[in-house]
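Report on one structure; see the data block that follows.
The values are calculated or read from the model by the stated rules, or taken from the named source; none is laboratory data. All values derive from a computational prediction rather than experimental measurement. Neighbour counts run over all protein chains shown; Cβ positions are idealised from the backbone, glycine included. To get the accessible areas, we keep the full protein, side chains included, count just its heavy atoms, and leave off ligands, DNA and RNA. Shrake-Rupley method; radii C 1.70, N 1.55, O 1.52, S 1.80 Å.
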Amino acid sequence: AANQVSKSSTMIRKCIHWSTEKDLWPRLWKTAPRQFWYLYPNADFATSEVENKWVPEFLPKNPEDAKYGWELRYKPNKKIEYIQFKSGVRVYFKTYEQDVHALQGSSVHAIFADEELPESLFSELNFRLAATAGYYHGAFTATRAQEFWREAMEEVGTPIERFKGAWKKQVSLFDCTFYEDGTPSPWTEDKIRDVIASCKDQNEVLRRVYGRFVRSDGRRYV
C-alpha cells in the first residue's frame, strides 16, 4: 500500500483484538492461542513502536483489567521482548535482523509482519503456523522490489500468482480520501497532489502514492 495510510496501525489493532477477544478464538483456531509473533525491521524500531504507538494509542487503557489487561516485558538490553495479555496470549517481538535459525522451534497462532518481509525469512515463518493452522499478516510499502512479493500482489489471476486464495489488497492514497462511514480523511486530493509533486520520479509516485511494486529496467516500470 501507499505510505501513511494506517497500514501499521490497522495491523496493531487487529493483533490486540485477536489477543484479547476470546469469543473469536473458536472460529479462528481449533486450539486456544498462546503465542503470536510481531515482526519489525530491528529491535530499536520495535521498542520505539511499542512505547510510542502501542502503549499511548492502541493498548487497553487499564493494564490491570481482568479481560484486557497486559504487561510489557523487556530483555536485559532494554529492548522489548513481549507483551503478556491477561487472556493468556503472549505477543513476542521478532526482527528481520535475526538469523532464520532464531525463528525456529515454536508453534505460533498468528504472525504479523510490519514493513516488507525479506523473502528469505518467509518459509521458516510460514512453518511456525503449520501446526496451529495459523494466520500470516503482512502490511508494507514495497521498497525492496522483491519479485517474490510482486508475484503475490501484482500477478493476481495469472499462472505465476503466489498465495492464490489469500486475502490481498493494494491501497493507494486515492483510496483513502474517505473513511468507511463517509467521513472525509486527512488525505484530500490537494494533499495527494502535493505528495506527487514532492516525489523524485515516477517510480516513487507508483510506489508511495499508488502502493505499486516498481522494478527498474532502464525506462520500463511494472
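The label point for THR188 and the one for GLU147, both projected 7 Å from the Cα toward the Cβ, are 4.5 nm apart.
Structural descriptor for the chain: relative contact order 22 percent, calculated from alpha carbon pairs under 8 angstrom and at least 6 residues apart.
Which longest run of the chain has no exposed loop site in it, a site being GluC sites (Glu not before Pro) in a DSSP loop with at most 15 other beta carbons within 10 Å, and the site itself not part of the run? It works out to 98-154. Look at the alpha carbon pairs under 8 Å that are at least 6 residues apart: their mean separation over the length of segment 5-100 gives a relative contact order of 34 percent. Backbone amide hydrogens, once placed in the peptide plane, bring TYR135 within less than 5 Å of ALA110, ILE111, excluding anything fewer than 5 places away on its chain.
At a temperature of 4 °C and a viscosity of 1.567 mPa s, determine how fast segment 104-201 diffuses translationally according to Stokes-Einstein, using the Kirkwood radius over alpha-carbon pairs as Rh; express D in µm²/s, rounded to the nearest whole number. Once the numbers are plugged in, D ends up at 80 µm²/s. When the Gaussian network model of the chain links Cα atoms closer than 10 Å, the mean-square fluctuations of VAL50, VAL195, VAL171 top out at VAL195.
One Cα centroid belongs to segment 5-46, the other to segment 185-209; the line between them spans 30 Å. Both numbers refer to the Cα atoms of segment 1-86; Rg and Dmax are 13.7, 38 Å.
Sorted from longest to shortest, the spans of the Cα atoms of the chain along the three principal axes equal 54, 39, 38 Å.
Treating r as the C-beta distance of LEU24 and ASN77 and R0 as 25 Å, the FRET efficiency rounds to 0.15. What the phi angles of segment 79-96 give under the Karplus curve with 6.51, -1.76 and 1.60, with θ = phi - 60°, is a coupling list of 8, 4, 10, 7, 10, 9, 8, 5, 5, x, 7, 10, 9, 8, 9, 10, 9, 6 Hz, glycine and proline written as x.
Seen from TYR82, the other residues with C-beta closer than 13 Å to its C-beta sum to a net charge of +4, counting Lys and Arg as +1 and Asp and Glu as -1. Of LYS94, LYS78, LYS22, the residue with the greatest mean-square motion in the GNM of the chain, using alpha carbon springs below 10 Å, is LYS78. In this view, the solvent-accessible surface of ASP175, computed with a 1.4 Å probe and all protein chains in place, comes to about 90 Å².
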